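In what follows, a structure is listed as structure tokens, so that the remarks can point back to it.
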Amino acid sequence: MGVVSSTELSRNKINPQKFALWVAIGSIIMMFGAFTSAYVVRRAAGNWLEFKLPDIFFLNTAVIVLSSFTIHYAYTAFKKGNEKTYKTLLLVTFALGILFVILQYKGWEALNAIGASFTANPSSSFIYVISGLHAAHVLGGIAALVVALTHAYVLPFRPTLRRKQRFELVVHYWHFVDVLWVYLIMFFVVQS
């Protein structure tokens, strides 16, 4: 039996922050899976108000998908040492995240305007709760973007391994909330 060097151990070790992020993402997936399952079960029970999801939710989808592209290219620019592009695209991602939350609120106003208020029917209540929980997770991503922006604009630009790993966590989480929203919007369209 050979001796394992500390270099081999560290090379095979999972980054604890990345592991924690993926555990959290797994928990969030389970929570949204439970909510969408409850939606399907409750819909089958009857007393379900049918309504068309306002178009603003589709605009919202385009905004968050675009933000996934901007953060991806910000990360690519960071790794390549392109400071200006990295900072600009990170700022654009932040602005798109804020726009997503604003449009989400406008979507709730549009739902209310068509008579699908939070308390009108379980069908509309589910939309508010599920999209509201998602918006809360996007706000968490925006908080992470604020930290990333602080690192980008306050610290001297150095694409070190540690900073790359921290930024990578933000990128992974942001892509996750993007994919989660695309799943949710498709779920709402298919179920309506």
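The values are calculated or read from the model by the stated rules, or taken from the named source; none is laboratory data. Predicted model only: the values in this text are computed from it and were never measured. With ideal geometry, Cβ positions are generated from the backbone for all residues, glycine too; neighbour counts draw on all protein chains shown. All accessible areas refer to the heavy atoms of the entire protein, side chains included, with ligands and DNA or RNA removed. Shrake-Rupley method; radii C 1.70, N 1.55, O 1.52, S 1.80 Å.
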Residues of region 148-170 being farther than 15 Å from residue 91 by Cβ, hydrophobic (A, V, I, L, M, F, W, C) and surrounded by 15 or more Cβ atoms within 10 Å (Cβ to Cβ), which ones?
169
Of the residues 99, 139, 145, which single one is assigned to a helix (DSSP H, G or I), open to solvent by less than 30 Å² (accessible area, probe 1.4 Å) and within 28 Å of residue 166 (Cα to Cα)?
145
So, in region 167-192, exactly how many residues are polar (S, T, N, Q) and in a helix (DSSP H, G or I)?
1
Which ones in region 59-80 are open to solvent by 40 Å² or more (accessible area, probe 1.4 Å) and either of a type in the set (Gly, Ala, Ser) or in a loop (DSSP other than H, G, I, E, B) (or both)?
62
